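*Asks:* Below you'll find the structure I mean.
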Amino acid sequence: MSDRACGDCTLCCKVMAIETLDKPAGDWCFHCEPGKRCRIYDDRPSECRAFNCLWLLDPRLGTHWRPSISGLVLTTSEDGIEIRCDPDRPDAWRRTPYRDEIEKLAMSGELHDVTVLVITGADMTLVTPGREFHLGVVGEDERIVRELEGTRVVGATVVKASEIGD
Ligand code: SF4
Ligand code: SF4
């Protein structure tokens, strides 16, 4: 754990879905004063208490990755790294130096079967070395299936979870 703190950053209160509050990804939480604080901090849901973005946890992400600066909130999932983009700055991940650094994450990810997914609201793009697979809106009942040649991703499709027995 690094010694970083959220300070005036509140971006996860916008980009993350909070099931307990029925809050969709991409909308500000009703309880948030953006750039300031959570109005119910002492009583916030356990999902919020447990949440730490990767920038807080991993000092290898430079200060420019601070979500309030980058417009990007990084987390890990079972499959890899998820990069959630502020919907009001949907191209934030394409800017310099972020796109180049995301490419490096994708290159390293390909070697270790770690996916790099950029998410804006519910719209998803799988990023692999030299390629982007725009998947569109992926529902909660849907899964991303990658087509691999060795470790290289050569295709990606979205299918119903029920079709793959998930
Ligand atoms: S996105 Fe990260 S740094 Fe920003 S408020 Fe959430 S946990 Fe803190
Ligand atoms: S309850 Fe508080 S910490 Fe949780 S999303 Fe809303 S504003 Fe953020």
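The values are calculated or read from the model by the stated rules, or taken from the named source; none is laboratory data. Everything numeric in this text was worked out from a predicted model, so none of it was measured. Cβ sites come from the backbone with ideal geometry, for glycine too, and all protein chains shown count toward neighbours. These area figures cover heavy atoms from the full protein model, side chains too; ligands, DNA and RNA do not enter into them. Shrake-Rupley method; radii C 1.70, N 1.55, O 1.52, S 1.80 Å.
*Asks:* When both residues are 6+ apart or on different chains and their Cβ atoms are under 6 Å apart, which pairs have a first residue that lies in region 61-85 and is closer than 17 Å to T120 by Cα and within 16 Å of ligand 2 (Cβ to nearest atom), and a second that is basic (K, R) and open to solvent by 10 Å² or more (accessible area, probe 1.4 Å)?
*Replies:* Once the first residue is closer than 17 Å to T120 by Cα and within 16 Å of ligand 2 (Cβ to nearest atom) and sits in region 61-85, its partners that are basic (K, R) and open to solvent by 10 Å² or more (accessible area, probe 1.4 Å) give V73/R84.
*Asks:* When I69 is evaluated against the numbered criteria (1) surrounded by fewer than 17 Cβ atoms within 10 Å (Cβ to Cβ); (2) at pLDDT below 95, which criterion, by number, is the only one it fails?
*Replies:* Checking I69 against (1) surrounded by fewer than 17 Cβ atoms within 10 Å (Cβ to Cβ); (2) at pLDDT below 95, the one that fails is (2).
*Asks:* Please go through region 10-30 and pick out each residue that is away from ligand 2 (no atom under 11 Å from the Cβ) and in contact with a Ser or Thr (Cβ under 8 Å, 6 or more places away or on another chain).
*Replies:* The answer is G26, and nothing else.
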